[in-house]
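The values are calculated or read from the model by the stated rules, or taken from the named source; none is laboratory data. Just so it is clear, the model here is predicted, and its values are computed rather than measured. With ideal geometry, Cβ positions are generated from the backbone for all residues, glycine too; neighbour counts draw on all protein chains shown.
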Amino acid sequence: AQSVTQPDIHITVSEGASLELRCNYSYGATPYLFWYVQSPGQGLQLLLKYFSGDTLVQGIKGFEAEFKRSQSSFNLRKPSVHWSDAAEYFCAVALNTGGFKTIFGAGTRLFVKA
Amino acid sequence: GAGVSQSPRYKVAKRGQDVALRCDPISGHVSLFWYQQALGQGPEFLTYFQNEAQLDKSGLPSDRFFAERPEGSVSTLKIQRTQQEDSAVYLCASSLATKQETQYFGPGTRLLVL
């Protein structure tokens, strides 16, 4: 069955430090991959997506992610974290099965310390 | 322009009551999705509409859950005879076209069943 794994339930980084959030997926074909951010009381906001082509994708707010087929991974990175980045981050896979059903990981909560 | 809106934002129901949750997608968006997000979890797919057609309802947890989108715009998720395990945030998302595009999420309806 298709699944998305985010191994880290929560991560704490210092402001200005670099960030990497891990995501692994299980899916037979090349998936559509997404990273969303959810701040308290806010809806999910798309950070970036990968459909095909260049495996390094740039997103909003200075985030980027790299698709590695051999590792079934799509890790999210940011070179310098800001306090406002504290939120819940979700990796997601969309299945090209007509309905484009999207499967989300359990999320990683990011804490930023001053 | 206006984003996806959902109402009510909060709903408290007594166990056994029926509830109806409304989603107003972005005008012109063909695809509409419902997700259920339990506390501390990622969103879980419930159902998908393309215009008024419900093409995938594989995620609906039981026959107490019913969704409709009769005119291809506004959608309603109905839960009959609510149970405590139905307590969650219900998210609606819409996207422009039938092929996979960015999903825009509403703020969600937080349902608490007592």
Just the residues that are more than 13 Å from A:LEU33 (Cβ to Cβ) and among the hydroxyl-bearing types (Ser, Thr, Tyr), please, taken from segment A:64-89. A:SER70, A:SER80, A:SER84, A:TYR89
Do you know which residues across segment A:97-107 are surrounded by fewer than 21 Cβ atoms within 10 Å (Cβ to Cβ) and either facing chain B (nearest Cβ under 7 Å) or modelled with pLDDT of 95 or more (or both)? A:GLY98, A:LYS101, A:ALA106
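What about B:ILE26, is it touching a helix residue (DSSP H, G or I) at 6+ places or on another chain (Cβ under 7 Å) and under 16 Å from B:GLY108 (Cα atoms)?
no
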Qualifying residue in segment B:91-104 (condition: modelled with pLDDT of 95 or more and more than 9 Å from every other protein chain (Cβ to nearest Cβ)): yes
Can you give me the ranges of the strands (runs of 3 or more DSSP E) entirely in segment A:6-84 with at least 3 residues that are crowded, with 16+ Cβ neighbours inside 10 Å? A:32-38, A:44-50, A:64-68, A:73-78
Give me a count of the residues in segment B:47-88 that are within 12 Å of the chain's Cα centre (by Cα) and more than 10 Å from chain A (Cβ to nearest Cβ). 13
Give the residue that is farthest from B:PRO70 (Cα to Cα), with candidates limited to residues of segment B:22-58 that are among the aliphatic types (A, V, I, L, M) and without any contact (Cβ under 8 Å) to a residue 24 or more places away in the chain. B:LEU55
When residues of segment B:1-21 are limited to those that are touching a residue at least 60 places away in the same chain (Cβ under 8 Å), within 17 Å of B:LYS78 (Cβ to Cβ) and not in a loop (DSSP other than H, G, I, E, B), the one nearest to the other protein chains (Cβ to nearest Cβ): B:GLN6
The conditions are (1) of a type in the set (Val, Ile, Thr); (2) closer than 22 Å to A:GLN38 by Cβ; (3) surrounded by fewer than 20 Cβ atoms within 10 Å (Cβ to Cβ), and B:THR109 fails exactly one of them. Which is it? (3)
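One line per residue, one yes/no per condition, for (1) over 9 Å from the mean Cα position of the chain (by Cα); (2) among the polar types (S, T, N, Q); (3) at the interface with chain B (Cβ under 10 Å from one of its Cβ atoms):
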position: A:LEU46; (1), (2), (3): yes, no, yes
position: A:ALA65; (1), (2), (3): no, no, no
position: A:SER73; (1), (2), (3): yes, yes, no
position: A:ARG77; (1), (2), (3): no, no, no
position: A:SER80; (1), (2), (3): yes, yes, no
position: A:ALA86; (1), (2), (3): yes, no, no
position: A:LEU95; (1), (2), (3): yes, no, yes
I'd like to check something: does segment B:5-25 contain any residue that is over 30 Å from A:ILE9 (Cβ atoms), surrounded by 14 or more Cβ atoms within 10 Å (Cβ to Cβ), touching a Gly at 6+ places or on another chain (Cβ under 9 Å) and of a type outside the set (Gly, Ala, Ser)? yes
